[in-house]
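Where a number appears in this text, it was derived from the coordinates with a stated rule and is not lab data. Given the structure is predicted, the values throughout are model-derived calculations rather than measurements. Every residue, glycine as well, gets a Cβ built from its backbone with ideal geometry; the counts of neighbours run over all protein chains shown.
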Amino acid sequence: MNKPKNNILMVRKRLKLGQGELGQAFDPPLTQVAVSYHERGKRVPDVYQALRYSQVLGCSVEELFPILPLETGQ
């Protein structure tokens, strides 16, 4: 099963925010399309955007963007 690349969509829906509403919390604002691309993994937010998502959605960057364990090649 494919795991989502990030948890922006899950947390946004839990908070009952629209993509446009979330985008307006940024300075400069993100478009609804940009938020959608980030949620679907079509684009990767820069570090400042990732931090802002974390602030606006009230969770850690690690919760939004989980890091998979490294493969050791053993």
With semi-axes √(5λ) of the Cα gyration tensor in Å defined as stated, name the option among [x] 23, 12, 12; [y] 27, 16, 11; [z] 31, 13, 7 computed from the structure displayed. [x]
In Hz, Karplus ³J(HN,Hα) per residue of segment 56-66 (6.51, -1.76, 1.60; θ = phi - 60°; x = Gly, Pro): 5, 8, x, 9, 7, 4, 5, 5, 6, 10, x
Under 16 Å from the ASP46 label point (7 Å along Cα→beta-carbon), backbone N, segment 7-30: 26-30
Relative contact order of the chain: what whole-number percent is it, with Cα pairs under 8 angstrom and at least 6 residues apart? 35
For segment 11-17, 3J(HN,Hα) per residue [Karplus equation, 6.51 cos²θ - 1.76 cosθ + 1.60, θ = phi - 60°, Hz, x = Gly/Pro]: 6, 4, 5, 4, 8, 6, 9
